[in-house]
Amino acid sequence: MIQDIHPVHYNNHYEPLTPGASDHIICFHDNKFYVHYSEKDQKLVFPKWGEFLGGSESVYLFSLGEDKFFLIMDAQTLPDGYEWYNTQELRSMKKQGNLDIFIIYTAWHLAKWYQSSRFCGTCGEKTEFDKTERAMVCPKCGNKIYPRINPAVIVGVTNGDRLLLTKYNRTYAYNALIAGFTEIGETMEETVQREVMEEAGLKVKNIRYYKSQPWGIAADILMGFYCDVDGDDTIHRDNTELKYAEWVERQDIELQPDSLSLTNEMMMMFKENRL
């Protein structure tokens, strides 16, 4: 999955660091990021702080091994030799492992939060970087804003040797599972029950946790669950959310084209009868 970047160690401990000349810089603009893609090495090459001419404010994001990554929100000048790409283009690139896409998705999560936290939601004052932790703080009223993480579930509903597969009305064309965000006052298990009922009109039982995954492009922490259909297995599809929802035999399950998502791994585990 996207977070499988071993043996590289991801360190998200925040420090108010200043970038050195060889530290990596990530820039976002209009939902695109600025890098060079090396077809030979099948990897992304990020600009270095020493290539920028100044006038840009940076913030430390995270480290991967010995490599430090910083974010520039509004670069005044950009170095040559790089191009703007979107995340769809990133997923279609040939890559050596998951590291590059993990970097972009995680940086994207933080960049969007920094962008939406520039002003205090209590008094409207412009916020500042906190000196000791990953937060934005209001210098006027003291309100502190922490990164937003949206809890959501991915649900593999089983019916003997069949799995409930879906396709959403949005642009993503591949098979998926029931999914949805946790609402205030809900447990994760209650989210599973509600989402399956809302999207497929089914009751479920034997809810069991499988695995979790960060998905920074939507600021999510995804939690995967399997469960069994309870009683009537007639699907009543929510047409506003789904364009497809069917019981599919193990051997007939078509997986997604890459191994990045928790959804795909859960479908694969059922298909290969490895649960």
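With unit charges on the beta carbons (Lys and Arg positive, Asp and Glu negative) and the dipole taken about the Cα centre of the chain, which residue among Thr263, Ala107, Pro139 sits farthest to the positive side?
Positive-end residue among those listed: Pro139.
About its Cα centre, how strong a charge dipole does the stretch 150-271 have in debye, to the nearest 20, once Lys and Arg get +1 and Asp and Glu get -1 at the Cβ?
The calculated dipole for the stretch 150-271 is roughly 220 debye.
Going toward the positive end of the dipole of the chain, with +1 on Lys and Arg Cβ and -1 on Asp and Glu Cβ, which of Leu78, Phe225, Val155 do you reach last?
Leu78
Any idea what angle helix 99-116 forms with the longest principal axis of the chain, computed on alpha-carbon atoms, 0 to 90 degrees, nearest 10?
70 degrees
Going by a ≥ b ≥ c, the root eigenvalues of the Cα gyration tensor, does the stretch 32-78 fall in the rounded group (a/c under 1.5), the prolate group (a/b larger than b/c) or the oblate group?
In terms of gyration-tensor shape, oblate.
On the Cα set of the stretch 128-244, report Rg and Dmax in Å, please.
Looking at the stretch 128-244, its Cα Rg and Dmax stand at 17.8, 60 Å.
Quote the charge dipole size of the chain about the Cα centre in Debye, to the nearest 20; the model charges only the Cβ of Lys and Arg (+1) and of Asp and Glu (-1).
Using only the charged Cβ atoms, the result is roughly 340 debye.
Counting each DSSP H run of 4 or more residues in the chain as -39500 (n - 2.57), what helix-only mean residue ellipticity at 222 nm follows after dividing by all residues, to the nearest 500 deg cm²/dmol?
-5500 deg cm²/dmol
Where a ≥ b ≥ c are the square roots of the eigenvalues of the C-alpha gyration tensor, would you call the stretch 30-184 rounded, which needs a/c under 1.5, or, failing that, prolate if a/b is larger than b/c, or oblate?
Judged from the Cα gyration tensor, the stretch 30-184 comes out oblate (a/c at least 1.5, b/c at or above a/b).
Treating the angle as unsigned and between 0 and 90°, give the value, to the nearest 10°, between the Cα long axis of helix 262-271 and the longest Cα principal axis of the chain.
Rounded to the nearest ten degrees, it is 30.
Set the Förster distance to 30 Å, then compute FRET efficiency between Met197 and Arg91 from the Cβ-Cβ distance, nearest 0.05.
Approximately 0.45, to the nearest 0.05.
Between rounded, prolate and oblate, where does the stretch 74-161 land on the alpha carbon gyration tensor, with a ≥ b ≥ c its root eigenvalues, rounded for a/c under 1.5, else prolate if a/b exceeds b/c?
It is oblate, given that a/c is not under 1.5 and a/b is not larger than b/c.
FYI, it's all coordinate maths here, none of it is from the lab. Keep in mind it's a predicted model, so treat the numbers as computed, not measured. Ideal geometry is used to build each Cβ from the backbone, glycine not excepted, and the neighbour counts take in all protein chains shown.
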